[in-house]
Structure formats: structure tokens, C-alpha cells
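The values are calculated or read from the model by the stated rules, or taken from the named source; none is laboratory data. Source: prediction; values computed, not measured. No Cβ is skipped: glycine too gets one built from the backbone with ideal geometry, and neighbour counts run over all protein chains shown. Ligands, DNA and RNA are stripped out before the accessible areas are found, and what is left, the full protein with its side chains, is counted by its heavy atoms. Shrake-Rupley method; radii C 1.70, N 1.55, O 1.52, S 1.80 Å.
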Amino acid sequence: MTDPSLGVLLLIPYRHLEQRVLAAVHAAGHPLTLAQARMAQRIDDDGSRLTRLAESAQVTKPTAGYLVDQLERDGYVERVADPRDARARLIRFTPKGHEVIALARQVQDAVEDEWREHLGERRSRALLEALLALRPLTDPYVED
């Protein structure tokens, strides 16, 4: 068997992290789907417009709207007026949504601590620096 490509090697740890976070979220009584979680992770702290969420998730606006509708129905997000444009709406987290975010961040931090312990400080730092150097090439949403 040949070694996996760099792209696959980047995906595998992320998929592991995502599964660990979702398992903890489910165990805490929040039955989010993977699609809902992936949409929610794209919501900015100050709220996001649906068009931006759809674009960043690489889904159609109706698909993003459907997922946001589910998150809103279950009390994780709300739609509010955009203070910069009264015609637009922002999707932002409710207190229940922030509770899930806090749990997800705890699990994420724990998994990343495990990775750092396994790799050691020097290799962890080198990995972080390499990924940050790739970000301008790979992330169209990175802010300069």
C-alpha cells in the first residue's frame, strides 16, 4: 500500500478531531448532525450573513438556509437585523449555541494537547508554523 498523500494526511487528524467533538456534543445532549456542526463552525462571533455561510461551506444558499433553519428551530442560533444594513439579517449564536461552542472548544483543546504531547513541542510548533504559512494559499477567508 502506498503512503497517503499530504492532503489525506491533513484530513485524517481533522476528521478525528471533528468526530471527537461531535461525540462529546452528542453525549451532552445536543443531537447536532455533522452538516449542522460544520455550518455552525463557520458562524462568526458577531454573526454571519447566510450568503457568506453558504460560500464558506461551499454549499448552495438553499442548503445553508435549510441547515440554519434547523439550528434555529433547535435554539442554537437566531436571526437578527444586521446593524450595518437594515435589509440584511445576521445569524448568530444563542446562549444554548454558545454552550455547545464552549464544550466543543474544550474537546478541541484536549485533542490538540494530546497531539502536542505525542509530537513534542518542537514538531508541534513546526507543524503550526507550516500550516500558518500555507493559509494564505488555501484559505480565501483569511483576513490580512
Q. Where residues in the range 60-95 are touching a Gly at 6+ places or on another chain (Cβ under 7 Å) and in contact (Cβ under 8 Å) with a residue 40 or more places away in the chain, which of them is surrounded by the fewest Cβ atoms within 10 Å (Cβ to Cβ)?
A. R92
Q | Pairs with Cβ under 8 Å, 6+ apart, first in the range 31-54 and in contact (Cβ under 8 Å) with a residue 24 or more places away in the chain and within 17 Å of R84 (Cβ to Cβ), second assigned to a helix (DSSP H, G or I) and open to solvent by 70 Å² or more (accessible area, probe 1.4 Å) | A | L50/K61
Q) Can you spot a residue in the range 81-104 that is over 19 Å from A23 (Cβ atoms) and of a type in the set (S, T, Y)? A) yes
Q) Which residue pairs have Cβ atoms under 8 Å apart, sit 6 or more places apart or on different chains, and have a first residue in the range 106-128 that is closer than 15 Å to L10 by Cα and hydroxyl-bearing (S, T, Y) and a second that is at pLDDT 95 or above and open to solvent by 90 Å² or more (accessible area, probe 1.4 Å)? A) S124/R116
